[in-house]
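Below is one structure, written out as structure tokens; the observations come after it.
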Amino acid sequence: FRLLNYEHTNEMLKKFRNSFGLKSFRPQQFEAVNAALLGLNVFILMPTGGGKSLCYQLPAVISKGVTFVVSPLKSLIIDQVQKLNALGLNACHMLSDVDSSDFDQIYQELVKQESKFKLVYITPEKLNNSNKLRNVILNLYNRGMISRLVIDEAHCVSQWGHDFRTDYKKMGELRSTLMPNVPCMLLTATATPRVRNDILMQMKLRISEESSYTSGNENRLESKLSNRVYLPLIPSSNQLPPNNQKCVFFMQSFNRENLQYKVEYKTSNSAALEKISELIKSRFQNKSGIVYCISRNECEQVSEYLKKNGIRALPYHAGMDDKTRHDTQYKWTNSNECKVVCATIAFGMGIDKPDVCFVIHLSLPKSLEGFYQESGRAGRDGRKALCLLFYNNQDRQKWLRIISTEYNNRNPSAYETHVENIRRIAQYCDNRIDCRRAQILEYFGEIFDRGKCIESKMNTICDNCELFEEKKSRILDVTDKALIIIKGVQKVCHNEDFTIAHLADILKGFQNSKIIEKCHNSLDMHSKLSDLKKNDIERLIRRLIFMGYLKEELKILKHSDTVASYIRLGPNASKILNNSTIKIQFELIDDS
Ligand code: ADP
């Protein structure tokens, strides 16, 4: 890997210290800045708070020409431009609601021989919709005056990402038509291997293997996988010259040592609220935090409840007007007037508050990736912080209903992805034995040894590791039990619809009216798992669904506005039915 020459490096370090006022680089910042200044395409994957912005801002201010930064959120853009201007650096933004005379001034400045602006922030919508902007970009491009195209929050490019935007999807095309020879920098805090590959494919880039860097994650699963898994397929049409496709990759471990992950079973919303209020009053008096809620209504109710209990809470959701939302965020960030924000996921990107001591999810998040991102807003200052998630199966069903109504007929592939995401996060909650941290990191392609959680220096051991010694004797080989369920389903699922709960009732050996009426007490599987608790049976069924031995067919029940999961044989069923060497381990721990 080449380095910049001495003079260039000196200039960069001077700006780093004098303009940005910083003393030492965070992990990989120096390398990324160096790669950008060498004119390479760069993909930066760093956890939130890792200091991604500097990786393009520093190169921007010392490169000739203008850096265009595409960012999804107006508030994020305004914030960044304000920060840069406060440092005396020339940056501007072009948001749709700036009036046209303001735009004209910016355009006039940009088309000057050498414009004063070093960074121009735009939304993807603006880039797609404004011919004038595109003309100015062409003008700059033809004069060699665009130093870099930056795609912030690059996961928005991928429909597998948790925040997909259609306008972002066009960025690859725009780059290859508008500015094909301009180096590109992609930045994101959350990208699973699948999302990562998709981003590269959409942007028509590929990883340059000989020069990709990872740190703090020697154990990445990917290093053990073949390159083919890692590299995207690039469509043969519309290809860029090979050098423009190559991309250097910087990736940091996603482990946040100072965050403590816990999941609690939610018997009811009111019981959870009582616990939250007690917790805040006892452990987090006068400390800042976020309570994530599933709906606007829930935000209002939770904030009311906390207020009644003497906690300075405010709601935040997309149903509130811009000003109120802005005020809430301001009060929470800068004053003592508000300590706890009760929010939907609308409260998210761009929050830069270091001392968030807790993030509580009152309801199930939409995906493990979303959860990582939301809970990751805690503890940016490096201090110990709590990430607590309340879970019950009703929430899982509630999400499945929302997704079924929203996507089922309109967009089958998005529907599948969302359903899979819910199953994944529900599995994370249902799993009462594996290290939480290890589960999260595995999702991002990292192997994490639970020993490090148990011995965590900051005492941030997760709930599963805390009780591991006590519980590990309850991890059993349940292959026989699983086969009873799978064979039972095989016999009946062709002619009848069984929900998870009804199937569990039969296996438990209940004689309720539905079972008697349908003569399900005469099925072979009836009472075959009577030694297990019903909750454990349900969890085991959900695990078998997750493993693909069973699958659930979702049907919306119009009359009750709920979704029923009917159990069928899954795609992997034949494997276990025909192969006696497959063993299934499961923890029989019903502590709900
Ligand atoms: P990200 O985009 O990865 O979430 P930011 O770029 O917003 O992170 O940086 C998070 C915070 O860290 C900002 O307040 C920024 O000023 C600060 N920061 C970035 N790099 C450094 C550094 N090398 N030294 C000290 N502070 C830094």
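No value in this document is a laboratory result; all are computed from the given coordinates. These numbers come from a predicted model, not from an experiment. With ideal geometry, Cβ positions are generated from the backbone for all residues, glycine too; neighbour counts draw on all protein chains shown.
Using equal-weight Cα scatterers in the Debye expression, the normalised intensity of the chain in log10 at q = 0.05 Å⁻¹ is -0.25.
Only Lys, Arg, Asp and Glu carry charge here, each on its Cβ (+1 for the first two, -1 for the last two); on that basis the chain has a dipole of about 560 debye about its Cα centre. Show which aspartates and glutamates lie in cross-link reach of Lys551 when reach means a straight Cα distance below 16 angstrom and same-chain residues fewer than eight apart are skipped. In chain and number order, the partners are Glu416, Glu420, Glu496, Asp497, Glu538. For the range 444-513, a crude dipole built from +1 on the beta carbon of Lys and Arg and -1 on the beta carbon of Asp and Glu, taken about the Cα centre, is about 160 debye to the nearest 20. Cα gyration tensor of the range 103-199, axes a ≥ b ≥ c as square roots of the eigenvalues: rounded (a/c below 1.5), prolate (a/b > b/c) or oblate? Note, shape of the range 103-199 comes out prolate. With a threshold of 18 Å on the Cα-Cα distance, the over-threshold entries among Lys508/Lys555; Lys534/Lys558; Lys23/Lys457; Lys15/Lys64; Lys308/Lys339 are Lys508/Lys555; Lys534/Lys558; Lys23/Lys457.
In units of the rule-of-thumb radius 2.2 N^0.38 Å, the range 518-592 shows an alpha carbon radius of gyration of 1.28. Restriction of the chymotrypsin sites (Phe, Trp or Tyr not before Pro) in the range 401-492 to DSSP coil positions whose beta-carbon has at most 15 other beta-carbons within 10 angstrom yields no sites. Peptides 364-370, 566-572 ranked from most to least packed, by the mean per-residue count of other Cβ atoms within 10 Å: 364-370, 566-572.
Judged by the gyration tensor of its Cα atoms, with axes a ≥ b ≥ c, the range 7-71 is rounded; a/c sits under the 1.5 cut.
Between helix 322-334 and the chain there is an angle of about 90 degrees, using the helix long axis and the longest principal axis of the Cα atoms. For Val248, the residues whose modelled amide H falls within less than 5 Å of its own, excluding neighbours fewer than 5 places apart on the same chain, are Asn41, Val42, Phe43, Ser208. Ignoring lysines fewer than eight residues from Lys169 along the same chain, the ones with Cα atoms less than 16 angstrom from its Cα are Lys126, Lys204.
Between amide H atoms placed 1.01 Å from N, distances below 5 Å from Ile151 occur with Val70, Met185, Leu186, Leu187, all of them 5 or more places distant or on a separate chain. Starting from one equal scatterer on each C-alpha and no solvent at all, send me the Debye-based log10 I(q)/I(0) for the range 378-444 at q = 0.12, 0.14 Å⁻¹, two decimals. Scattering profile of the range 378-444, log10 relative to I(0): -0.43, -0.56.
Pairs Lys262/Lys583; Lys52/Lys118; Lys281/Lys384; Lys14/Lys246; Lys262/Lys481: which are spaced more than 21 Å apart, C-alpha to C-alpha? From Lys262/Lys583; Lys52/Lys118; Lys281/Lys384; Lys14/Lys246; Lys262/Lys481, over 21 Å: Lys262/Lys583; Lys14/Lys246; Lys262/Lys481.
Considering only Leu386, Gln252, Ser63, and ranking their Cα positions along the charge dipole of the chain that arises from unit charges at the beta-carbon of Lys, Arg, Asp and Glu, the one farthest toward the positive end is Ser63. Working note: Karplus 6.51/-1.76/1.60 with θ = phi - 60° gives the range 470-478 the couplings 5, 8, 5, 5, 9, 7, 10, 7, 10 Hz, where Gly and Pro are set to x.
Counting Cα-Cα pairs of the range 1-136 in 10 Å increments starting at 0 gives whole-percent bin shares of 11, 40, 34, 14, 1.
A convex hull fitted around the alpha carbon atoms of the range 462-568 yields 133 Å³ per residue. Taking Cα atoms only, the orientation of helix 296-308 departs from the longest principal axis of the chain by about 80 degrees.
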